[in-house]
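Worksheet for the structure shown next.
Coordinate-derived values only; no laboratory data. Keep in mind that what you see is a predicted model, and the values were worked out from it rather than measured. We place every Cβ from the backbone using ideal geometry, glycine too, and count neighbours over all the protein chains shown.
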Amino acid sequence: MPELPEVETVRRGLNQLTLDRRIEGGEVWRDSSLAYPLSSQAFLEGIQGETIAQWERRGKYLIARFQGDRGSLGVHLRMTGQLLWVDRSQTPQKHTRIRLFFPKNRELRFVDVRTFGRVWGIEGNRDPQEIITGLQKLGPEPLEDSFTPEVLAARLSKSQRPIKTALLDQKVLAGLGNIYVDEALFVSKIRPDAIAAALTRSQISALHTAIRNVLQTAIDKGGTTISDFLNPLGVNGNYGAVAWVYRRTNQPCRVCETPIERIKLAGRSTHFCPRCQSL
Ligand SMILES: [Zn+2]
């Protein structure tokens, strides 16, 4: 599932490709991919003629602001969603859900195999937070300057959950998912089943640094190789080849050569080195 680095990669690509172009129209091929408004006709009437001024990211949400404060477009890719910038004449993929048409035969195509992804079309007089309820309780952005070790400590101090589970909670911290939580916990030498509130100050400090470094490295690599992730030009990222532990079960740890173990925490596959990572 796309996490912060993948969504950020998509945002940057869309800011290079789609700005200052008028949306000429579109087609909704699967109504349930629309979260708001529920009527595809109302959605298409709302976005037609608008021009995208800027793509923003908050956690794993993408928000396109229209020029002149005339509304916005929200997208959450969830498990398998892709936003592809294609030539309109290119035969639509089997799992095409929504198509937005731009001048010169260009198209922004929302493709989503598993159909958990969602799109919102928001009127100019509404704040996206009013409509996209998931934005309301999001935790801090891990790459912003305001995210300090103290902020992380405060958000974990009352949690009796395993640290892996706490970090997956978007209300604790925005943008992390299964890949980068496993990676950050390895880099900070913390076992994924350690209780969040029991971490020491030095562990929190190491975790804070690891989260930021792992996310920045993945952004620099253009996102992950894993699963269905593609940038808007249909190109895979490069992070998978350098992963420390994610999906490396039974392979030797890159630091100590102990086989990487896999356990389930809160129903999620969790990878770690039993020697490098301690409670
Ligand atoms: Zn190790």
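What longest range of the chain stays clear of loop-exposed GluC sites (Glu not before Pro) (DSSP non-H/G/I/E/B, at most 12 other C-beta within 10 angstrom)?
Between the exposed loop sites, the longest stretch runs 1-143.
Given Cα pairs under 8 Å that are at least 6 residues apart, what percent is the relative contact order of the chain?
Relative contact order, the chain: 19 percent.
Report, in order of residue number, the helices in the chain meeting two criteria: a C-alpha extent of 24 Å or more along the helix axis, and a mean Kyte-Doolittle hydropathy of at least 0.0; treat each whole DSSP H run as one helix.
Taking the DSSP H segments of the chain (at least 24 Å long, mean hydropathy at least 0.0), we get 201-220.
May I ask you to derive the FRET efficiency for GLU27 and GLU150 from their Cβ-Cβ distance with R0 = 35 Å, giving the value to the nearest 0.05?
The formula returns an efficiency of 0.10 here.
For LYS158 and VAL255, what does the FRET efficiency come to when R0 = 30 Å and r is the distance between their Cβ atoms, rounded to the nearest 0.05?
0.40
Assigning unit charges at the beta carbon (Lys, Arg +1; Asp, Glu -1) and nothing else, what dipole magnitude in debye, to the nearest 20, does the chain show about its Cα centre?
Once rounded to the nearest 20, the dipole reads 720 debye.
Simple spin-label model, 7 Å along Cα-to-Cβ: ASP220 to ALA197 in nm?
Rounded to a tenth, the inter-label distance reads 3.8 nm.
Would you please name the trypsin sites (Lys or Arg not before Pro) within the stretch 131-198 that are DSSP coil residues with at most 11 other C-beta atoms within 10 Å of their C-beta?
Answer in residue order: LYS137, LYS158.
Assuming R0 = 35 Å, can you tell me the calculated FRET efficiency for the pair ASP20 and ALA241, based on Cβ-Cβ distance, to the nearest 0.05?
0.45
A 24 angstrom limit on the alpha carbon distance is what I want to check against. Which of LYS60/LYS137; LYS60/LYS189; LYS137/LYS221; LYS94/LYS264 exceed it?
From LYS60/LYS137; LYS60/LYS189; LYS137/LYS221; LYS94/LYS264, over 24 Å: LYS60/LYS189; LYS137/LYS221; LYS94/LYS264.
Looking at the stretch 51-96, which trypsin sites (Lys or Arg not before Pro) are DSSP coil and have at most 16 other C-beta atoms within 10 Å of their C-beta?
Sites meeting the loop and neighbour criteria: ARG70, ARG78, ARG88, LYS94.
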